[in-house]
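The values are calculated or read from the model by the stated rules, or taken from the named source; none is laboratory data. Note that the coordinates shown come from a computational prediction; the quantities given were computed from them, not determined experimentally. Here the Cβ is made from the backbone with ideal geometry for all residues, glycine too, and neighbour counts use every protein chain on show.
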Amino acid sequence: MDMNIVELENYFVSLNEKKFKALQVFEWLYIHREKDINNFSNLKKELRDKLKNDFKYDFITIKKYETGKDVKKYLFELSDHNYVEAVLMYHDYGKSVCISSQVGCNMGCKFCESGRLKKVRNLETYEMVEQILLIEEDIKDRIQRIVIMGIGEPFDNYDNVINFLRIVNHPKGLGIGARHITVSTCGLVPKIKEFSDLDLQVNLALSLHAPNDTIRNKIMPISKVYTISQVMDAIKEYLAKNNRRVTIEYVMLNMVNDSDECAYELASLLKGLNVYVNLIPYNETNNLDFKKSQRINEFKDILLKMGINATVRREFGGSISAACGQLRSKEV
Ligand code: SF4
């Protein structure tokens, strides 16, 4: 089911029913995890029939999974036989899941395996929620954090992603704190601005990956639509409206964006902003020409010396192609 709590309340009001029935439905779906509307026993039969009639109530399934050290990658089959992937990661501080938001991706980042398949369609809200539900069911435990960084550009599926956030964040939904949820974008400027006004304290990550337009143009086609200066202006607007630090994602590509000059240029671009840089060791694949940079620590040291917070992302799942930029919605 795709509705957030407010939409569901409005739906019941439009039927001359009490608003609280929306909470009852949420409880059935997300607390009792009941899949059959017939079993929503505190709703009368006519209402259950109406719900069945009015809502798409479909399921995705786990087609297969692979495990690696502290990581488990899931391949999900959607009801139209498309496929997406999600990754469960075990951290010291709890379990996090990286979910997909689209089948394929139109952004075409050159280093990204996920984007090699053009977008087939956006995921519906319930297809994102169910990635979490199925993983929790599989591990018989709750997850603590969500990142929307799998296959797809979340802001290219903005409305469904925001709906997803409202459902997973709601106490009678999955109850995951907004500050434990991160949405990543490659820099869709109008949507960053829209996100700045969102009434949820969800974290934002910007996949920047280059300190200037010349390099960014070579690896991220979106940069021909929105320049770094436009993207950074949108980030500044976000920071002015929200008291939350933005993560700057920067994948370290050998001889592409890993020079000392790039580090200094990045530092000057980010100077004075409430951001931190997450340096991502590149996961080499057989299909793409990029190589992993061996200069990550030197690069990080320059950023730190220049007063920019920076960390190196822990490497997860390279052995099972579950790492960042390696997810593909292929049938395997
Ligand atoms: S990095 Fe993200 S936005 Fe870029 S092609 Fe891959 S999935 Fe799409």
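So the values come out like this:
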{"item": "Selected residue (criterion: surrounded by the most Cβ atoms within 10 Å (Cβ to Cβ)) from residues of the range 179-211 that are among the hydrophobic types (A, V, I, L, M, F, W, C), under 24 Å from residue 27 (Cβ atoms) and at pLDDT 95 or above", "result": "202"}
{"item": "Subset tally (residues that are more than 26 Å from residue 230 (Cα to Cα), part of a strand (DSSP E or B) and in contact (Cβ under 8 Å) with a residue 40 or more places away in the chain) for the range 254-306", "result": "1"}
{"item": "Residue in the range 116-125 that is modelled with pLDDT of 95 or more and in contact with a Phe, Trp or Tyr (Cβ under 9 Å, 6 or more places away or on another chain) present", "result": "yes"}
{"item": "Residues (outside any loop (DSSP other than H, G, I, E, B), over 14 Å from residue 76 (Cβ atoms) and either within 16 Å of the ligand (Cβ to nearest atom) or acidic (Asp, Glu) (or both)) located in the range 122-145", "result": "122"}
{"item": "Selection status of residue 89, closer than 19 Å to residue 29 by Cα and either assigned by TED's automatic domain parsing to the domain that holds residue 201 or over 18 Å from the mean Cα position of the chain (by Cα) (or both)", "result": "no"}
{"item": "Near pairs, Cβ below 7 angstrom, 6+ apart or cross-chain, from the range 214-242 (of a type outside the set (D, E, K, R)) to any residue that is more than 16 Å from the ligand (Cβ to nearest atom) and not in a helix (DSSP H, G or I)", "result": "228/212; 235/246; 238/246; 239/246; 239/273; 239/274"}
{"item": "Residue check for residue 165: touching a Lys or Arg at 6+ places or on another chain (Cβ under 8 Å) and either in contact (Cβ under 8 Å) with a residue 12 or more places away in the chain or more than 12 Å from the ligand (Cβ to nearest atom) (or both)", "result": "no"}
{"item": "Verdict on residue 73 being out of contact with any Pro (no Cβ under 7 Å at 6 or more places or on another chain), modelled with pLDDT under 95 and under 23 Å from residue 151 (Cα atoms)", "result": "yes"}
